[in-house]
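To start, the structure itself, in structure tokens.
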2 protein chains.
Amino acid sequence: MQRFIAEVLLPLFPTKSVGPLGLEALDDGAVLSLPEGHLVVTTDSHVVKPLVFPGGDIGKLAACGTLNDLAVMGARPLAVTLGLVVEEGFPIDELKRHLVSFSSVLEKFGVALVAGDTKVMGNGELDGLILSTAGVGIAEKFVPDAGLEPGDRIIVTGTVGDHGMAVLAAREGLPVEGGIESDVAPIWPLVEKALAMGGVKAMKDPTRGGLAAALNEMARKAGVGIFVREHEIPVRLEVKGIAELIGISPLALACEGRAVIGVSPDKAHAILEAIREDPLGHKARIIGEAVEEYPGKVILETEVGGRRYLEMPLGDPVPRIC
Amino acid sequence: MQRFIAEVLLPLFPTKSVGPLGLEALDDGAVLSLPEGHLVVTTDSHVVKPLVFPGGDIGKLAACGTLNDLAVMGARPLAVTLGLVVEEGFPIDELKRHLVSFSSVLEKFGVALVAGDTKVMGNGELDGLILSTAGVGIAEKFVPDAGLEPGDRIIVTGTVGDHGMAVLAAREGLPVEGGIESDVAPIWPLVEKALAMGGVKAMKDPTRGGLAAALNEMARKAGVGIFVREHEIPVRLEVKGIAELIGISPLALACEGRAVIGVSPDKAHAILEAIREDPLGHKARIIGEAVEEYPGKVILETEVGGRRYLEMPLGDPVPRIC
């Protein structure tokens, strides 16, 4: 996918920006220059399968995904648009449930749905439902992926891989003792607490490709190495167990309610404490730091004390994860 | 669809606006209040079938549809986002051709693609390709659907129904003598010429449901009647012929490069002349006027001199038209 975007998609669009951050940054949203503050715009198409999974559904996922892309840009969400593509004969009640999930998230933050579009495709032309969103937010000071400098600490705001594993388990009917719930949730309140402390340098939500993809992108874009300690990375035991069983890394599984935040070393503990006061941030940890060595690479100190590259996942281990 | 939007979709979203025009207006885009001028945001999902048709393809259609929604709000296009959903195994070269079509339209106006997202669905889960777009534009003074007052003249900027008929003919293999081409084209330059004259009160692009739907919406939103003369409405002979043959009204067929513009009577002829100077506007006509009688209704004076309601089409006669 990364190669496809770099080699096929990007060259097709000579004009990529109307402000300090455009398409070429491959960040979570675009920053458009405006007279007052920065308007942030983002887009996502949601094709998750199954439409309902433990902890959420496509509606909640689409709303959180959009608001979270704005949040990790440092933008307070302002408005969203929704393009709905629905299979002919899809039950109206089920559609309404998903849209109520979507709307509930927006309402919590007073975010307006300001424009929409609805299309129908025939039976056999589409499997269920697609929610395509755009989000608009305002950032006093936006936070790019690329802001890391050597010495900056890396915070992850909660356990990783819950969403990916919950969807995978629901889809494949994996027997999960106790159950695994998606972490899908809107993270703006948590992010706002972190931003208020000052010292936030880089931020990203680890969705497709999980923590591994997010860290690799942040390292590459900033031209720094990132050193992380496996035993500091919060992973639920159930997630870890099943991931080992089926041979995938929980670090490559998508999250939908987490952020990876790079912060100045002098502010790291204050920011960590602020994040931990948020209901979504109780399990936040400092998992490592940016370093001068190995620019563009992520080094993992494993639980047994060895070191290896944490590679960019070749693709998400779970298709249609979001 | 209209009932579905009014009864099912709208009640689900209590917050519908962050400025003077939001979702409830069901206009072509939303206007967000900003310190300087108005930022206009719009969204569309494009599912046209077939992906290539005489005069265009899904890429050109998606770009024009998005920019035209901004244009008929009175907004100069600034930036777009693209959510791409593609069927697994879709030929890359074909995808690139569609995206080049998309990009070419943007480049003509220096419009940036500022954010994007790509998802893949399996074989049998999606028929081909969906392009979901959002557009952002800036309007000095935005033009709503609802601005008509009695006495205002109604201008249509060119022949109607070409796009709908071109797609229908391509899909069904209808034998069309001489060929019918879609009118798909970006109309901002034409709209800009009209706006420069002053006196533009209401504007809409007649896409799904064609001219009939656009006029009915404009009449209903403004609480005026609209009186139009059938013999003044430009329709290509080929389009008219086939439409009669298969029993549908060309006035209900989608256009993708036209605008319906309501203008002050004192400016009507100056605006018409300005539009006719644009390459897309040679066939522009004043087709009627807003009246006090029959509020919310459209009255058609037929070619044989009778009068009847021009009803809101129950649905687009052609599914997956855009």
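Of all the numbered requirements in (1) within 13 Å of chain B (Cβ to nearest Cβ); (2) small (Gly, Ala, Ser); (3) touching a residue at least 12 places away in the same chain (Cβ under 8 Å), A:GLY110 misses one, and that requirement is (3).
Of the strands (runs of 3 or more DSSP E) lying entirely inside the range A:277-322, the ones with 2 or more residues being in contact (Cβ under 8 Å) with a residue 24 or more places away in the chain, in contact with a strand residue (DSSP E or B) (Cβ under 6 Å, 6 or more places away or on another chain) and over 29 Å from A:GLY56 (Cβ atoms) are found at A:285-291, A:298-301.
Among the residues of this structure, B:PRO189 does not count as one that is in the same structural domain as B:ASP278 (by TED's automatic domain parsing), in a loop (DSSP other than H, G, I, E, B) and out of contact with any Pro (no Cβ under 8 Å at 6 or more places or on another chain). Applying the condition of being in a loop (DSSP other than H, G, I, E, B) and surrounded by fewer than 21 Cβ atoms within 10 Å (Cβ to Cβ) to the range A:129-146 and asking which residue is nearest to the other protein chains (Cβ to nearest Cβ) yields A:GLU140. Condition check for B:LYS119 on (1) more than 9 Å from chain A (Cβ to nearest Cβ); (2) crowded, with 23+ Cβ neighbours inside 10 Å; (3) of a type in the set (Lys, Arg): one failure, at (1). Among the residues examined, A:VAL80 qualifies as more than 8 Å from chain B (Cβ to nearest Cβ), crowded, with 19+ Cβ neighbours inside 10 Å and modelled with pLDDT under 90. Looking at the structure I just gave you, is B:VAL85 facing chain A (nearest Cβ under 10 Å), at pLDDT 90 or above and under 21 Å from B:PHE53 (Cα atoms)? Yes, satisfied. In the range A:241-252 there is at least one residue that is of a type in the set (A, V, I, L, M) and in a loop (DSSP other than H, G, I, E, B).
Just checking, does the range B:242-263 include any residue being modelled with pLDDT of 95 or more, touching a strand residue (DSSP E or B) at 6+ places or on another chain (Cβ under 9 Å) and more than 30 Å from A:VAL120 (Cα to Cα)? Yes, some residue in the range B:242-263 is modelled with pLDDT of 95 or more, touching a strand residue (DSSP E or B) at 6+ places or on another chain (Cβ under 9 Å) and more than 30 Å from A:VAL120 (Cα to Cα). Evaluating B:GLU230 against the criteria (1) under 17 Å from B:TYR294 (Cβ atoms); (2) surrounded by 21 or more Cβ atoms within 10 Å (Cβ to Cβ) leaves one unmet condition, (2). The one condition from (1) at pLDDT below 90; (2) surrounded by fewer than 21 Cβ atoms within 10 Å (Cβ to Cβ); (3) under 19 Å from B:VAL85 (Cβ atoms) that A:LYS49 does not meet is (1). All but one of (1) on the phi > 0 side of the Ramachandran plot; (2) surrounded by fewer than 24 Cβ atoms within 10 Å (Cβ to Cβ) hold for B:GLU149; state the number of the condition that does not hold. For B:GLU149, the exception is condition (1).
The values are calculated or read from the model by the stated rules, or taken from the named source; none is laboratory data. Values in this document were obtained by computation on a predicted structure and should not be read as measured data. Cβ coordinates were reconstructed from backbone atoms using ideal geometry, including for glycine residues, and neighbour counts include every protein chain displayed.
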